[in-house]
Each structure stands twice: as C-alpha cells, then as structure tokens.
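Visitor: One structure is given below, represented as structure tokens, and several questions about it will come after.
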Amino acid sequence: MEKFTTLQSRAIPLQIENVDTDQIIPARFLKATDKKGFGDNVFRDWRYKKDGSVNAEFALNNDNYSGTILVAGDNFGCGSSREHAAWALTGYGFKVVVSSFFADIFKGNALNNGLLPVQVSEGFLKELLNTIENNPETEIIVNLDAQIISVENSNVSEAFEIDSYKKTCMINGYDDIDYLLSKKTEIEAFENATSI
Amino acid sequence: MSKKTLFDKVWDAHVVDTIENGPQVLYIDKHLIHEVTSPQAFNELEDRGIPVFRPEQIVATADHNTPTQNQDQPIKDELSRKQLEQLSINCEKNNITLYQLGHKYNGIVHVMAPELGFTQPGMTMVCGDSHTSTHGAFGTIAFGIGTSQVAQVFASQCLLLTKPKSLRVSVNGKLKAGVLPKDVILYIISKLGTNSGTGYFCEYAGNVFEEMSMEGRMTVCNMSIEMGARGGMIAPDQTTFDYVEGREFAPKGEDFDKKVAYWKTLPTDEGATFDQEYFLDAADIEPMITYGTNPGMGIKITENIPTEDNASFKKSLEYMNFKAGESLINKPINFVFIGSCTNSRIEDFRVAANYIKGKQKADNVTAWLVPGSKQVEAQIIEEGLKDVFDAAGFELRQPGCSACLAMNDDKIPQGEYCVSTSNRNFEGRQGQGSRTILASPLVAAATAIAGKIIDVTQEIEELELV
C-alpha cells in the first residue's frame, strides 16, 4: 500500500448525496479478476450519456476542475461491499475523498487501498464545495499527521478524525494482513480454547 | 454481572486480542466466498506467498455472474466464464469446498449457506458481499467485507475491527393481512433513513420478529445494510433451532443439544442498554413500494410520493420519471422480478403462487422468477408451484443473483420500470437506465397480473395468504 502523509491538490466537486457504489463502478464492470482498469469506468453512467457521448455537465468531465481530491455529498459509498469502488477511484487518480458522512464498508475499503476518507462537518463541506465551484483553482491541503484539512491561503480549515491504528497504517503504508499474521500464536491459542 | 446484548455476547466470545486504543482482532467462524469479490484476494495471497489458513471454514458458490438459463452449457460471455473458471481453480488449489454452477447445492450465497446448516446461531460469519447481514436472522454476527478483508480472513481467519455501536429496532403489535417481512423492513428503512444504521449493528426485537419464519427473518436482516447497518440480528429461539436441526452441516445428536443449550443463553439480557433504540407499531405498516433511487425512499402503496425541496431528491425523481405528490397506483409496469438474496426462498414463491393461481399474467409484462438455490428450485417443482407459474405465463429461471444486480444477461431495458423483490433501487442497478421499484413478492405478483401497480390492500380480505 502507498504511504500517505500530506497532500496538496485542486479538487473535483460532486454535489450529490448518497453516492452508492453502483454509481462509482457499475456491476457490469466487475468481471475482471485483477485490480487493473477500474479507473476507466469510474462513475461510468454519469460520465457518459445514454448514447455513449461524453456528458460535459458532469464534474469529472468539466475542464475547469482537476486534482486528486474528490469532494462529495453526504453518505458517500453506500450500498455494495465491492472494493472495486475503491480501486476505481484510486485507478482514476484520487487519493482523498471528502464527505460529511461515509458508509462503513466503503470507508474500510478505502483505507485498505491508501485512499483517505476525510469526514468533515456539513457546514465545512458546503463551504468547501462553494469555494471550489467559485474558484476551481483553489488548492486543498490534507495533513494526515495533524489531522487537518484546509483551504490554501485562507483561514478555512477543520480537524478530522481517524482511527489511530489506521492512521499509522496509512502513514507507513502497512496493511492489516501483516499485523494479523504477527498474531498467529494468539489466534491458534484462541482456536484451541474455543470449541466452535 | 453486567447486562449484555445478543451482539455483545457473540462479539465478546470471538475477540482474540485488542490493540490499545485501536481495533480488536475478531475470530471468524465461517467465510463464504463467490466469484466476483474473491479472485483479487487469492491473487494477493499468492503474490505474498501466504497459504489459506483454514480452508475447511470456507464455502464457495458461484452466483453473482451466472446465467439463469442453460446452466448446463458453457457460458457465452468470455469474461464471466473466466471469472467462474478462476473460482474453480482457486478453490481446488486451496482445498475449499465449491458448489459450482449446476451442483445440487449451488445457489445465492445467502440462500444456500443457511439452507445447508452452514449458518448457525452465535457464530461470526463474513462474505465479500454486503447482504451477508442476512445470516443475522440466526443470531449470528454476519457482515459484508471488502476484498482486502477477504484476503485477511484467508490468511488468518480473523479481521481487525472496531466494535460497532448497538441499535435496537422493536416492532410490536399485529401485522395487517398482506403485510410481509419485506414490507416490514422497507417500512423501517423509510422511517429511519438510509444512513441511520451506519456505525451500528442492529438487533430486531418484538413480537413481529418472534412470530416470523426463518425465511422472513432473513428478508429483514438482509436489508439491514440498506439503512447503513453493517449487520442485523434476531435472537435465536425454537423457530431457529427447528430450522437448523437436521441440515447437512448442522451439528447432530448430542452435539446439537449442547449447541442449543448454548444458543439459548444468547438473547439480550433484560435491562441491557443500546446506544440507540427505535420503537415502531406493527399496525401502522402496509404493503410498501419505493419511488426513488435509494431503499429509504419508500411509501405505503396507497400513499402519494412526498414533496421535498432538495437537489438529490429531485434528481432521484427525475431519474424515475415520477412527480412529487403523485400516486403510483395504476402506473403501467412491463417488468417484474421475483428473486435475489432478499426474496428468493420457498416461502416467497409460495406467496406469489398463491396469488397467481388461476390468474393470467398481463400481456405487457415480462415476469422472471429466479429461485435462490437449486434446492429452492427443486422444491418449487416438487410443490407444484412451477405448474402454477407456467400456466399463468411466468418464466421460472435457474438460480442466481440475476436481475438484482444485472451482472449477467438478465437486464431490465433502458427506461423501463421493474417491480422487483430485490434490495436496491439505485440508478441503473438492474441494467443501464432501468428504473427499479422495490416491493414484496405479493405486490410483485399482483403487478405482473395487472400489468400495472395496484392497491393490493383492496384484495387482501379475499386472499388466503401463506
């Protein structure tokens, strides 16, 4: 897993609530047996119109916007457990998703793939979305060590929460398998002590 | 001794270790896998030279990406065929039991595992599928995981997790005739909202659930994730024990009796506290339908679509081509789907057949019936339900996830409405541009007969429901 410490980037605003994982990556693209290529189909049915042409109105197709931070509406990532959603977002190039609320499974999947979910207050989210829409060149700074998200050259900032174990994993690029394998002795002792 | 909830008791019995100020190492008893969310996990282990730790605690099935016709023939779609072949190779290499396409135990992972007695009270169970919450119907901690976590369970039979908060939804009173478990859960989600359960594990309590069959309890727990809860649970009782007894992987004889004695200790202690509680009245529930693009956007079939001044709400109605304030009664419907891990058990087909018997499907409707497993399919035939469906013009297909997520060829065409017994009405869920209306098997059957949405409550008096 890639290490994450601090990121400064422009951001793409997605003013939609309850973005579900079927929108992030539709089921018809889940047939691959590796993790490659999902970025090409992220938000597929919003990026392209029914006739296959590019939907210029969709934020990811708007030339004004760019960057590796996605700022989205409330309850992001609800629905299916498909980790393909996290692979699609990282495959497209995103490193951070900001929202006022994340669905549980998506949040875990994101953290397991070096994609940082930053949960902010509704007020801050609104301010952030407005700032980006008014000035798409605005850069956002995400400092994981300090747990602060801020807008460059302004006093707009907010602290965010992250599980201290997961924070250590993100900063060092560790994943849970290494930790769990180091617990093999305890796991076997548990099995011997329990009749399941 | 402190009072504990059902969830606490099962969770605490599975904690291997606790990281200071961090997550806990939770032991997983049973791991279910399928073709879509497992291949990358097998690759991960292979790349890192890590063996599968406890293959005997894993069961695999092919369900998400399988055809529901001509299952005895090679799959035409190359990518789908390869995905299934990969599952077979991975299972064989790692000594994992696989019920592949055509096997008498094949079926949707959340239908076949309880059917085989693989699911038992007091266990921890996971699967790379969010509707793993289904198994909570047995008093099991069961939840969906991502593929990285599938790899973790392969490697260690454990997961690193922070214990979720506790939530209890109590529904007491008498359900009206024609109100099915699906209506109960759609009602709960419409009242509490799609993210009300996020961060929680939910227990369903009250006489409504106590009186429900295991099939009904599975329908309810299945949709826990649609209100954001990682899982839902119902206390095990005699109904649960009777269901489990005698099944293929269930404990037998003295072992079974010992287990039952343990399972009886699991229900929530009187006086145990929950982080959040809701109380709902069974008498207020009616047959439900959804009008929007998330499962929380549900109304009683007799109600009008509400009006909300909110961009996401408007976007949703625009997608569905519905207007705020209008009724859905008499809306023409061309597609009906009875199936999915929510409603594809024998009881669901009995309800449908009971309504359909002696009637004829409307000409405009394509009606697909997709059983949850080979065993359900066999039972449909054995009980003579297939004859009812054939005579009425319904199409009984072979088992699989099918049009619930439309990964295979069972897709609802662009712009068409589908009254569906599945669990998600997201944009394009049943095929690009398709419009899903979630409902019970009774409402779905009635829609197929009428060719439009009708007020089933008008007919309920005359109905002899199973």
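The values are calculated or read from the model by the stated rules, or taken from the named source; none is laboratory data. All values derive from a computational prediction rather than experimental measurement. Ideal geometry is used to build each Cβ from the backbone, glycine not excepted, and the neighbour counts take in all protein chains shown. What goes into the accessible areas is simple: the full protein's heavy atoms, side chains included, and nothing from ligands, DNA or RNA. Shrake-Rupley method; radii C 1.70, N 1.55, O 1.52, S 1.80 Å.
Visitor: Could you look at chain A and say what percent of its accessible area is carbon and sulfur, using a 1.4 Å probe and all protein chains?
Guide: It is 43 percent, rounded to a whole number.
Visitor: Could you pull out the pairs from B:4/B:174; A:31/B:76; B:411/B:452 whose alpha carbons sit more than 18 Å apart here?
Guide: B:4/B:174; B:411/B:452
Visitor: On to the next question. Sorted by mean Cβ packing within 10 Å, highest first, what order do the peptides B:330-341, B:187-198 take?
Guide: Result, highest mean first: B:330-341, B:187-198.
Visitor: Could I ask something else about it? Report, for the protein assembly as shown, the % of DSSP beta bridges that are antiparallel, rounded to 5.
Guide: Roughly 30 percent of the DSSP beta bridges within the protein assembly as shown come out antiparallel.
Visitor: So if I take the centroid of the Cα atoms in segment B:299-371 and the same for segment B:122-198, what is the distance between those two points in Å?
Guide: One Cα centre to the other: 24 Å.
Visitor: Separate question: I'd like the antiparallel share, as a percent to the nearest 5, of DSSP beta bridges with both residues in chain A.
Guide: So the antiparallel bridges amount to about 50 percent of the total.
Visitor: Using the Kirkwood radius over C-alpha pairs as Rh, can you work out the diffusion coefficient of segment B:209-304 via Stokes-Einstein at 37 °C, viscosity 0.692 mPa s, in µm² per second?
Guide: Numbers: Rh = 16.4 Å.
After rounding, the answer is 200 µm²/s.
Visitor: Measure of size requested: the Rg and Dmax of segment B:42-113, with Cα atoms as the atom set and Å as the unit; please supply both.
Guide: Spelled out, the Cα radius of gyration and Dmax of segment B:42-113 are 13.1, 39 Å.
Visitor: Next question. Ignoring solvent entirely, what values of log10 I(q)/I(0) come out of the Debye formula for the protein assembly as shown at 0.07, 0.12 Å⁻¹ when each Cα is a single scatterer?
Guide: -0.42, -1.35
Visitor: Now, a different point. If you average 1/r over all unlike Cα pairs in segment B:303-363 and invert the result, what Kirkwood radius do you get in angstrom?
Guide: 14.7
Visitor: Here is a follow-up. Using a 7 Å offset from the Cα along the Cα-to-Cβ direction at both residue B:460 and residue A:122, what is the distance between the two label points in nm, to one decimal?
Guide: 3.4
Visitor: What is the helix-to-structure angle for A:184-193, meaning the angle in degrees between its Cα long axis and the longest Cα principal axis of chain A, kept from 0 to 90 and rounded to the nearest 10?
Guide: It works out to around 60 degrees.
Visitor: Which of the GluC sites (Glu not before Pro) across segment B:1-92 are loop residues per DSSP, with 15 or fewer other Cβ within 10 Å?
Guide: Those satisfying the criteria are B:20.
Visitor: Here is a follow-up. State, to one decimal in nm, how far the label point of residue A:152 lies from the label point of residue B:103, with both points 7 Å from Cα in the Cβ direction.
Guide: Taking the simple label geometry, residue A:152 and residue B:103 are separated by 5.5 nm.
Visitor: Share of antiparallel DSSP beta bridges in chain B, in percent to the nearest 5?
Guide: In chain B, DSSP labels about 25 percent of beta bridges as antiparallel.
Visitor: Segment B:129-221: Rg/Rh from Cα coordinates, Kirkwood Rh?
Guide: Over the Cα atoms of segment B:129-221, Rg/Rh equals 1.02.
Visitor: Please compute, for the alpha-carbon atoms of segment B:250-395, the extent along each of the three principal axes and give them in descending order in Å.
Guide: 59, 48, 26
Visitor: Putting +1 on Lys and Arg Cβ atoms and -1 on Asp and Glu Cβ atoms, find which of B:285, B:227, B:265 reaches farthest to the positive end of the dipole of segment B:222-291.
Guide: Going by the charge dipole, the pick is B:265.
Visitor: If Rh is defined by the Kirkwood formula over all Cα pairs and Rg also comes from Cα, what ratio Rg/Rh do you get for segment A:152-196? Please list the in-between numbers first.
Guide: Numbers: Rg = 18.5 Å, Rh = 14.0 Å.
Expressed as Rg/Rh, it is 1.33.
Visitor: Please name which of A:149, A:101, A:128 has its Cα lying farthest along the dipole of segment A:73-151 towards the positive end, using unit charges on Cβ (Lys, Arg +1; Asp, Glu -1) and the Cα centre as origin.
Guide: A:101
Visitor: So what is the diffusion coefficient of segment B:1-150 in µm² per second by Stokes-Einstein at 25 °C and 0.890 mPa s, using a Kirkwood Rh over Cα pairs?
Guide: 148
Visitor: Mind grabbing the interface size between A and B? I mean buried accessible area, both sides, 1.4 Å probe, in Å² to the nearest hundred. Can you show the working numbers first?
Guide: Working: alone 10760 and 18530 Å², together 24400 Å².
For A against B, buried area totals roughly 4900 Å².
Visitor: Calculate the dipole size of chain A relative to its Cα centre from +1 charges on Lys and Arg beta carbons and -1 charges on Asp and Glu beta carbons; express the result in debye to the nearest 20.
Guide: So the dipole magnitude of chain A works out to roughly 560 debye.
Visitor: Do you know the Lys pair count in segment B:261-406 for C-alpha distances under 19 Å, with sequence separation 8 or more or different chains?
Guide: Total qualifying Lys-Lys pairs in segment B:261-406 comes to 10.
Visitor: May I ask you to give the average projected area over all directions of the convex hull of the Cα atoms of chain B, in nm² rounded to one decimal? Working shown, then result.
Guide: Details: hull surface 89.8 nm².
Taking a quarter of the hull surface, the average projection is 22.5 nm².
Visitor: Could you give the length gained on full extension between residue B:162 and residue B:279, defined as 0.36 nm per residue of separation minus the Cα-Cα distance, in nm?
Guide: 39.4 nm
Visitor: Would you please state which residues of segment B:195-216 a label at residue A:161 would reach in this model, taking the label point 7 Å out along Cα→Cβ and a backbone N cut-off of under 19 Å?
Guide: Counting backbone N atoms under 19 Å from the label point, the list is B:195-202.
Visitor: Now for a separate question. Per residue, how much accessible area does segment B:1-103 have with a 1.4 Å probe, in Å²?
Guide: Result: 45 Å² of accessible area for each residue.
Visitor: For segment B:291-392, what does the accessible surface come to per residue with a 1.4 Å probe? Please give it in Å².
Guide: Per-residue value: 40 Å².
Visitor: Still on this structure: Which percent of the Cα-Cα distances in segment A:51-128 go past 15 Å?
Guide: Of all Cα-Cα pairs in segment A:51-128, 58 percent lie more than 15 Å apart.
Visitor: Give me the distance in nm between label points sitting 7 Å out from Cα along the Cα-to-Cβ direction at residue A:63 and residue B:15, one decimal.
Guide: 5.8
Visitor: Just add up the charged neighbours of residue B:417: K/R +1, D/E -1, any other residue whose Cβ is under 9 Å from the Cβ of residue B:417.
Guide: With Lys, Arg at +1 and Asp, Glu at -1, the net is +1.
Visitor: For residue B:310 and residue B:191, compute 0.36 nm times the residue count separating them, minus their Cα-Cα distance, and round to one decimal in nm.
Guide: 41.1 nm
Visitor: What are the extents of the Cα atoms of chain A along their three principal axes, listed from largest to smallest and rounded to whole Å?
Guide: Sorted largest first, the three principal extents are 61, 44, 25 Å.
Visitor: Once the Cβ-Cβ distance between residue B:94 and residue A:1 is put in as r, and R0 is 30 Å, what FRET efficiency do you end up with, to the nearest 0.05?
Guide: E(calc), rounded to 0.05, equals 0.80.
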